[in-house]
Amino acid sequence: MTVLDDRLVSVYDDVVARNPGEVEFHQAVREVFESLAPVVAKRPEYLDSAIIQRLCEPERQIIFRVPWTDDAGQVQLNRGFRVEFNSALGPYKGGLRFHPSVYLGIVKFLGFEQIFKNALTGLPIGGGKGGSDFDPKGRSDAEVMRFCQSFMTELYRHIGEYTDVPAGDIGVGGREIGFMFGQYKRITNRYESGVLTGKGIGWGGSLVRTEATGYGTVYFVEEMLKASDDSFEGKRVVVSGSGNVAIYAVEKVHQLGGKVVAMSDSAGYIVDENGIDLDLIKDIKEVRRARISDYAAERGVAYVEGGSIWDVACDIALPCATQNELDETAARTLVSNGCIIVAEGANMPSTPEAIRVFTEHPVLRFAPGKAVNAGGVATSALEMQQNASRDSWSFEYTDRRLAVIMRDIHDSCLKTADEYGAPGSYTSGANIAGFIRVANAMQAMGVI
Ligand code: NDP
Ligand code: 2IT
């Protein structure tokens, strides 16, 4: 691991001691701290007035029981979470994740990352995250609806358009947002559109929100390529995952002239040397909610059960599935196969050891999730703007706004990295630029 600046060591140790066992949260904090040495050297008041210490302590953490009845009439029990991490820049904003691996440490890592990501967008949104250990796989629509209704029956009292605005993440898409919005509306007797984002287009949603994280990821990579007079034309790309982020990343890569040759789900990966047929993937994943192995069976291409998708040679790697999906061995394989860009569509998909391999490599450029995948939450903020003004914008206008936001984030990462003595480091630039915006707002608001 990289050695931390002395003054940050004791703050980090304190975070570990106060949050025992929450290893993903520790990892996310450490990654930010590793960039902050030049900042605290210039501005020791960020430590002296405990801004950094306060940033690591959520403003509020809510944990609740979520009972629901399955189709067989059995009572099921899950745990719900909402961590309202930081509201210096705006209402808490961040997704809800439904996945059996969810526990407080995952929600806190995601909420912590969200603070800096949201700050980087330049939009007025604070950071938060939530979810449940509910596993939607194999559940009927009716079961998912009853779960969502039970989840919202507790969550509704903690959220609101000026308080906390959840959206989707792993396991939460348009269907789940619909069920949760319906229950919120019913309980509160308010059509408060701005309380959730990722809503359907006919009832307060924004065009481009569905595509935004994937498109934004690719817009960011396009800026990285432009910075070295290059483009997607003819590039071989590997995208892990086959959910919301992955699907729309593939769509945009193909529009820009690249070729995606591999995708995955949690069971395995497919390789299609002709380029992934995205219509088939969308049908399998968005309509049938089936496994990616069906693609291989229907197309007669290779399917590798288990294994690592990063064994597939590529110019550009876009991890778009989940945290710590790309380890040191995978990083070394990517490097030896000549990969030139790794950009994180997912949150924290690369392990610290993998990031070290990328950072030490003279050619490969690495960009972290909190910059690369910020297009999703940025478009959520655009959805909130449309809701507040009771307006709805065209696809083209919203997409242009997204592209400009991604370009600005890219440029601000490079500019900030330069200013703080880490030229070319997207990681330092993203962490420092996001941190400074939040820290200055916190300082202005006093000890709260
Ligand atoms: P989805 O639920 O739509 O898709 C998730 C994909 O990742 C699926 O293919 C899933 O496979 C795979 N996956 C999930 N968990 C694991 C695991 N433990 N091991 C291997 N594969 C796994 O989620 P999203 O596309 O929305 O989210 C993907 C990533 O992007 C997450 O890190 C999320 O936090 C991040 N993100 C999402 C944003 C959004 O707007 N949705 C915004 C910014 C970041 P399977 O179906 O087999 O489980
Ligand atoms: O990780 C993320 O940025 C998201 N899941 C999207 C959050 C949002 O509020 O749109």
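The values are calculated or read from the model by the stated rules, or taken from the named source; none is laboratory data. Predicted model, so just to flag it, every value in this text is computed and none were measured. All Cβ positions, even for glycine, are placed from backbone atoms using ideal geometry, and neighbour counts span all protein chains on display.
Scanning region 177-197 for any residue that is within 16 Å of ligand 1 (Cβ to nearest atom), under 16 Å from G128 (Cβ atoms), modelled with pLDDT of 95 or more and touching a Ser or Thr at 6+ places or on another chain (Cβ under 7 Å) turns up at least one such residue.
Of all residues in region 112-141, which are over 27 Å from K285 (Cβ atoms), surrounded by 24 or more Cβ atoms within 10 Å (Cβ to Cβ) and among the small types (G, A, S)? Hits for region 112-141 are A119, G126, G127, G128. Out of G241, G275, one residue alone is within 10 Å of ligand 1 (Cβ to nearest atom) and surrounded by 14 or more Cβ atoms within 10 Å (Cβ to Cβ). It is G241.
Among the residues making up region 322-356, those that are crowded, with 23+ Cβ neighbours inside 10 Å, among the aliphatic types (A, V, I, L, M) and under 18 Å from the mean Cα position of the chain (by Cα) are L326, V342, A343, A346, M348.
For region 226-240, what are the residues that are in contact (Cβ under 8 Å) with a residue 24 or more places away in the chain and part of a loop (DSSP other than H, G, I, E, B)? Those that are in contact (Cβ under 8 Å) with a residue 24 or more places away in the chain and part of a loop (DSSP other than H, G, I, E, B): A227, S231, F232, E233, G234, K235, S240. Return yes when V245 is within 16 Å of ligand 2 (Cβ to nearest atom), within 26 Å of S308 (Cβ to Cβ) and of a type in the set (V, I, T) and no when it is not. Answer is yes for this residue. Within region 316-336, residues that are in a loop (DSSP other than H, G, I, E, B) sit with their Cβ atoms under 6 Å from residues that are surrounded by fewer than 24 Cβ atoms within 10 Å (Cβ to Cβ) and of a type in the set (V, I, T), at 6+ positions apart or across chains, in these pairs: N324/T351; D327/T351. On inspection, E84 fails the criterion of being surrounded by fewer than 19 Cβ atoms within 10 Å (Cβ to Cβ), in contact (Cβ under 8 Å) with a residue 12 or more places away in the chain and not hydrophobic (A, V, I, L, M, F, W, C).
The residues on offer are F81, F25, and the sole one that is among the aromatic types (F, W, Y), closer than 29 Å to I159 by Cα and either part of a strand (DSSP E or B) or touching a Leu at 6+ places or on another chain (Cβ under 6 Å) (or both) is F81.
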